[in-house]
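Colleague: Starting off with a structure, shown below.
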Amino acid sequence: MMMSGKTRVAGVMGWPVTHSRSPRLHGWWLEEHGIDGAYIPLPVRPEDFATAVRALPMLGFAGANVTVPHKEAALRACDDVSDLAERIGAVNTLVCRDDGTLYGDNTDGFGFLENLRAGCRGWQADAGPAVVLGAGGAARAVVAALQDAGCPEVRLTNRTRARAEELAASLGGAMTVVDWDARAEALDGAGLLVNTTTLGMEGAPPLEMPLDPLPRGALVTDIVYAPLVTDLLTRAEARGNPVVDGLGMLLHQGRPGFEAWFGVFPEVTDDLRRFVLGEP
Ligand code: ATR
């Protein structure tokens, strides 16, 4: 794509950022819509983040995404943040306003819900209790999104129980913390099972968890997308549960940022999925 003096520029700030799929994602949309824009990787060391992020408006950037390990620092660096980002405690999408100020939002939960809605027709968050595995940053965004979408109860379980309790206390609402060793029992009567831990990721141990108590109609999803089909999804599908993989969460979370920077609300298609995965 050719650039001009009017090219609008956005990017992704991370460390490391070499594995980020976001430049491919936004590059696809820019080309699809014939937009005079660019989206570039921005490798920023943690110690440089506070300075680098304030440079975005000075450099004329439209905005940026923020990924590991900068999402919490990004919240502190903004002039204003959405209520949702404040509640989650992290910002993944920055918008540079015309007056030079920085606005921060968190679209991870939107990406999570849109992925489930697109991947499982008719799925609704209010259908039943959700079991959420993990209590890191991803879990915070997922739990907040489920609560806002009307999920009647979140059952939270994490290896380090104290982290789950902190998350429950800070987000509030109808939440039960379950011991990690009792995680399978939490599946009884659930409508949704979400893995937000790194278990099942390439190079990490698999998620060990019998699924027997889980109703067959419950949706199972993993935010891990490398591999695309985790052992959890394979086992859930084999027993007849609907499953949705984690790639769509990444794709959908990018849509609000793209619209804010480039003026088009883009779609997620199968061609885009294949492109972002690097498949022919
Ligand atoms: P993120 O912000 O991406 O969610 P994170 O904060 O590092 O990442 O969280 C990783 C999650 O995976 C945590 O819930 C972590 O559990 P702990 O809070 O006990 O560390 C979970 N996790 C990672 N390795 C695990 C393992 N071997 N067994 C169980 N849980 C694990």
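Taken together, the values in this text are just the output of simple stated rules run on the coordinates, not laboratory data. Every value quoted in this text rests on a predicted model; they were computed, and no experiment measured them. Methodologically, a virtual Cβ is constructed for each residue, glycine included, from the backbone with ideal geometry; neighbour enumeration extends over all protein chains shown.
Colleague: In 10 Å bins starting at 0, how do the alpha-carbon pair distances of region 1-110 split up by percent?
Modeller: With a bin width of 10 Å, the distribution comes to 15, 47, 33, 5.
Colleague: Just want to confirm a number: the relative contact order over the chain, from Cα pairs under 8 angstrom separated by 6+ residues, in percent. Mind dumping the intermediate values first?
Modeller: Details: 557 pairs, mean separation 43.4, N = 280.
It comes to 16 percent, rounded to a whole number.
Colleague: Compute the helix-to-body angle for 108-119: its Cα long axis versus the longest principal axis of the chain, expressed 0 to 90° and rounded to tens.
Modeller: For helix 108-119, the angle is close to 60 degrees.
Colleague: Taking the Cα centre of region 1-89 as origin and charging only Cβ (+1 Lys, Arg; -1 Asp, Glu), how large is the dipole, in debye to the nearest 20?
Modeller: Its charge dipole is roughly 180 debye.
Colleague: 5 Å is the cut-off here: which amide hydrogens, built 1.01 Å from N in the peptide plane, fall below it relative to THR93, excluding neighbours closer than 5 in sequence?
Modeller: Here VAL66, ASP105, THR107 satisfy the definition.
Colleague: Wrap a convex hull around the Cα atoms of region 124-241, take a quarter of its surface area, and give that in square nanometres.
Modeller: It is 6.4 nm².
Colleague: Still on this structure: Charges at C-beta only: +1 for Lys and Arg, -1 for Asp and Glu. How large is the resulting dipole of the chain about its Cα centre, in Debye rounded to 20?
Modeller: 280 debye
Colleague: Let me check I have the definition right: for the chain, take the eigenvalues of the Cα gyration tensor, multiply each by 5, take square roots. What are those semi-axes in whole Å, largest first?
Modeller: One finds semi-axes of 33, 21, 16 Å for the chain.
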